[in-house]
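One structure is given here, and the rest of the page talks about it.
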Amino acid sequence: MAVEDEESQNKGFKLLGILDVQNTPCSREAILHGAGGSLAGGLLYFLATSRVKRSFDVGFAGFMLTTLGSWFYCRMNNAKLRVQQRLIQEGIKNKVVYEGTVLDPTHKPKAEAPSGPS
């Protein structure tokens, strides 16, 4: 019994049987943005022209464009964030390795006294 409950909770929500919305990054937000874009586009087009079929087509196109645009934007931001995190982790690792040595970039050698005319 407990195994079945655990499997049903981990299953998640699949959109069209393909996209696991719960476990795919940015998918939930992209679908919600797409729904809003389709509603806005279709409704505005219907109010402007009163053509039902064409309004549906505009709404569907708005859904596709808004969903894909939002998903690509979110994925690009996530990729950029991962690159920045990787650079920071490498920097922290190098700081730990080189700390207290001559190669430490934060270590500043003491400047010698300038030898001037006395």
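The values are calculated or read from the model by the stated rules, or taken from the named source; none is laboratory data. What you are looking at is a predicted structure, and each value in this text was computed from that prediction instead of being measured. Reconstructed Cβ throughout: ideal geometry from the backbone, glycine too, with neighbour counts over all protein chains shown. Only protein heavy atoms, including side chains, enter the accessible area calculation; ligands, DNA and RNA are left aside. Shrake-Rupley method; radii C 1.70, N 1.55, O 1.52, S 1.80 Å.
The table that follows gives values for the structure above.
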| quantity | calculated |
| --- | --- |
| Pairwise FRET efficiency - Gln85 versus Phe56, Cβ, R0 = 35 Å, nearest 0.05 | 0.25 |
| Length released on extending from Leu65 to His107, taking residue separation times 0.36 nm less the Cα-Cα span | 9.9 nm |
| Sequence of Val97, Val102 when ordered by accessible area, the most exposed leading, probe 1.4 angstrom | Val102, Val97 |
| Descending semi-axes in whole angstrom, ellipsoid equivalent of segment 31-77, from the Cα gyration tensor | 24, 8, 6 |
| Net charge of Cβ neighbours under 13 Å - reference Ala35; Lys, Arg +1; Asp, Glu -1 | 0 |
| Length gained when the stretch Leu43-Tyr98 is fully extended (0.36 nm per residue, less Cα-Cα span) | 13.6 nm |
| Charge context of Leu87, other residues only, Cβ under 14 angstrom, K/R +1, D/E -1 | +4 |
